[in-house]
1. Would you tally the net charge around Asp146, using a Cβ to Cβ cut-off of less than 12 Å, leaving Asp146 out, and scoring K and R as +1, D and E as -1?
2. Treating each Cα of the range 81-266 as an identical point scatterer and ignoring solvent, apply the Debye formula and state log10 I(q)/I(0) at q = 0.09, 0.20 Å⁻¹.
3. Determine the sum of side-chain charges near Ser122: Lys and Arg each +1, Asp and Glu each -1, restricted to other residues whose C-beta is under 12 angstrom from that of Ser122.
4. Select from the range 167-270 those GluC sites (Glu not before Pro) which occupy a DSSP coil region and have at most 12 other Cβ atoms within 10 Å, ordered by residue number.
5. Here are some pairs, Lys166/Lys253; Lys199/Lys253; Lys131/Lys253; which of them have Cα atoms lying more than 28 Å apart in this structure?
6. With θ set to phi - 60° and the Karplus curve 6.51 cos²θ - 1.76 cosθ + 1.60, what are the ³J(HN,Hα) couplings of the range 254-270 in order, to the nearest whole Hz, using x for Gly and Pro?
7. Any chance you could get the radius of gyration and Dmax over the Cα atoms of the range 223-270, in Å?
8. So what's the convex hull volume per residue for the Cα atoms of the range 184-270, in Å³?
Amino acid sequence: MIRSLATLLIGALLSVPAVAQDDLDDILGPGDPTVPESAREEREALLSETDSPSTELPQEDSEKRIIKTLQRKNFMKIGRWELAPHVGFVTNDPFINRYLGGVSGAYHITEIFAVELAGSFSPDFGEADWKPITDQIINENQVTPDISKIQYFGTVQFQYSPIYGKVALMGRNIIMFDIFGAFGTGVVNTRDDLEALQKEDDPRAQATSVQMHPTLNYGGGARVVFSPGFALRLEGRGLSYIEVLESTTLEMKNNMILMLSASFFVPGMN
């Protein structure tokens with residue numbers, strides 16, 4: 001009877017999980033001396049691997065797992081000038097194509113506020129500026145559309161850049177950008193196309209064919225930074241002003257302009 005109970009007790013103790021092996025050793029002692037040395041060494045090696053809290057990855061794999069979520073901001077605008085030649089075109093004129101070229105200069109008072117002066121010129125190509133619909137309604141339908149061409153304009157505006165971010169290209173290069181808004185005022189010079197209006201000999205039309213208008217300037221865009229001294233800007237601007245037609249009629253003009261600029265920042269950064 002006693003021998004049977006002892007056999008059951010030993011069997012239960014031998015079924016204890018490996019995690020309680022230390023307690024089992026305390027109960028049974030150092031172990032059976034008849035167990036071969038090689039078997040005991042293998043057992044101890046397995047226990048040490050089980051007890052290890054973590055397994056180190058190869059150096060190559062661990063380097064691949066490193067993800068830099070925080071990048072140092074290596075581009076600053078505060079106290080710097082931004083010189084930006086630009087090209088653009090008027091997007092919402094139904095009768096003519098107007099292309100623009102010019103330059104702007106902005107001084108960044110802080111990282112988010114700047115004051116900018118800009119000037120643009122639009123060359124006059126005569127009838128080459130006409131869209132196909134314009135040629136049709138003038139030469140075939142004998143209709144005289146209101147064609148007023150922007151010749152040049154100058155503006156002063158405030159820039160506000162509240163949004164700043166970074167984008168990873170191809171998983172390697174970090175490209176910085178900011179989104180800005182602009183609001184200001186200026187003047188715009190326009191010239192009526194008297195040939196299209198069929199008013200070449202009308203004194204009233206000639207009196208207001210060339211005009212200078214105070215204008216409201218507004219818009220916004222994005223600046224993509226490629227280096228501490230160079231960036232690209234894509235922006236939309238609106239010019240709103242009141243024009244006099246043939247010395248008798250007032251008309252509100254709203255020209256929407258899409259511009260692409262290359263920005264150069266001076267002085268350099270330390």
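Bear in mind these aren't lab numbers, they're just calculated from the coordinates by the rules spelled out. These numbers come from a predicted model, not from an experiment. Note that each Cβ is placed from the backbone with ideal geometry, even for glycine, and that neighbours are counted across all protein chains shown.
1. Details: positive: Lys149, Lys199, Lys253; negative: Asp93, Asp192, Asp193, Glu243, Glu246, Glu251.
Spelling it out: positives minus negatives among the neighbours equals -3.
2. -0.40, -1.31
3. Details: positive: Arg98, Lys149, Arg191; negative: Asp93, Asp124, Asp129.
So the surrounding residues net to 0.
4. Sparse-neighbourhood loop GluC sites (Glu not before Pro): Glu200.
5. On the way: Lys166/Lys253 38 Å; Lys199/Lys253 21 Å; Lys131/Lys253 19 Å.
The pairs that break the limit, which is 28 Å between Cα atoms, are Lys166/Lys253.
6. These are the phi-based 3J(HN,Hα) values: 10, 9, 9, 10, 9, 10, 10, 10, 10, 9, 10, 9, 9, x, x, 9, 6 Hz.
7. Both quantities, over Cα of the range 223-270: 18.4, 59 Å.
8. Working: hull volume 10.3 nm³, N = 87.
With only Cα atoms used, the range 184-270 gives 118 Å³ per residue.
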